[in-house]
């Protein structure tokens with residue numbers, strides 16, 4: 001099992017304060033897998049069906065790869081939207097990031113850094129990276145290739161330690177669990193790599209618990 005590598009500067013992602021969330025004005029992910037309407041807020045007590053999206057905060061997650069097969073741990077961040085005046089994809093209602101492993105220097109195989117803003121990815125700064133939609137009990141993210149930046153939204157696939165792929169397409173879906181402070185989800189990332197590495201794709205499911 002591969003342990004997550006956390007970098008200095010991630011503390012900003014653990015904040016779940018702030019009552020005002022920017023309105024989303026841009027396009028939303030296509031074909032959102034909504035579980036129906038609901039109101040935002042706590043997901044209810046143990047064993048109670050959630051009525052809104054997952055609680056904001058930091059989640060410890062266990063990630064299981066389906067293509068290729070792997071098992072590793074990571075961190076999921078859910079926080080209020082970050083206003084980015086330079087974005088071309090509008091302001092997100094919430095920011096969501098999945099961070100597992102480390103793809104650079106001495107890369108872990110596989111590893112995934114994928115989310116709506118670089119602010120909650122190690123060493124990546126602050127930059128809007130795509131589209132977020134809140135649908136019932138789910139939060140969904142799809143990347144905007146126009147917003148690709150530096151060391152954000154990247155992954156390794158296990159094919160070669162020198163191949164670091166840009167996640168220019170894919171989807172991250174997070175669903176509130178039946179126990180308050182828990183989540184389930186899926187992630188799919190694909191895209192080109194540096195050098196002569198062929199395009200690659202990684203798919204996985206995950207479960208998590210809020211710290």
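Since residue 152 meets every condition but one in (1) surrounded by fewer than 20 Cβ atoms within 10 Å (Cβ to Cβ); (2) within 20 Å of residue 91 (Cα to Cα), which condition does it not meet?
Looking at each condition in turn, residue 152 falls short on (1).
Which of the residues that make up region 68-92 are within 17 Å of the chain's Cα centre (by Cα), surrounded by fewer than 20 Cβ atoms within 10 Å (Cβ to Cβ) and at pLDDT below 90?
Within region 68-92, 80, 91 meet the criteria.
Are there any pairs with C-beta distances below 7 angstrom linking a residue in region 189-209 that is on the phi > 0 side of the Ramachandran plot to a residue that is in a strand (DSSP E or B), with the two at least 6 apart or on different chains, and if so which?
Short answer, once both residue conditions are applied: 191/165; 191/166; 191/169.
Can you report the number of residues in region 178-208 which are surrounded by fewer than 20 Cβ atoms within 10 Å (Cβ to Cβ) and within 11 Å of residue 54 (Cβ to Cβ)?
Residues flagged as surrounded by fewer than 20 Cβ atoms within 10 Å (Cβ to Cβ) and within 11 Å of residue 54 (Cβ to Cβ) within region 178-208 amount to 4.
May I ask you to list the residues in region 115-141 that are at pLDDT 95 or above and within 10 Å of the chain's Cα centre (by Cα)?
Matches in region 115-141: 139, 140, 141.
The values are calculated or read from the model by the stated rules, or taken from the named source; none is laboratory data. Everything numeric here is computed off the predicted structure, so don't read it as measured data. Every residue, glycine as well, gets a Cβ built from its backbone with ideal geometry; the counts of neighbours run over all protein chains shown.
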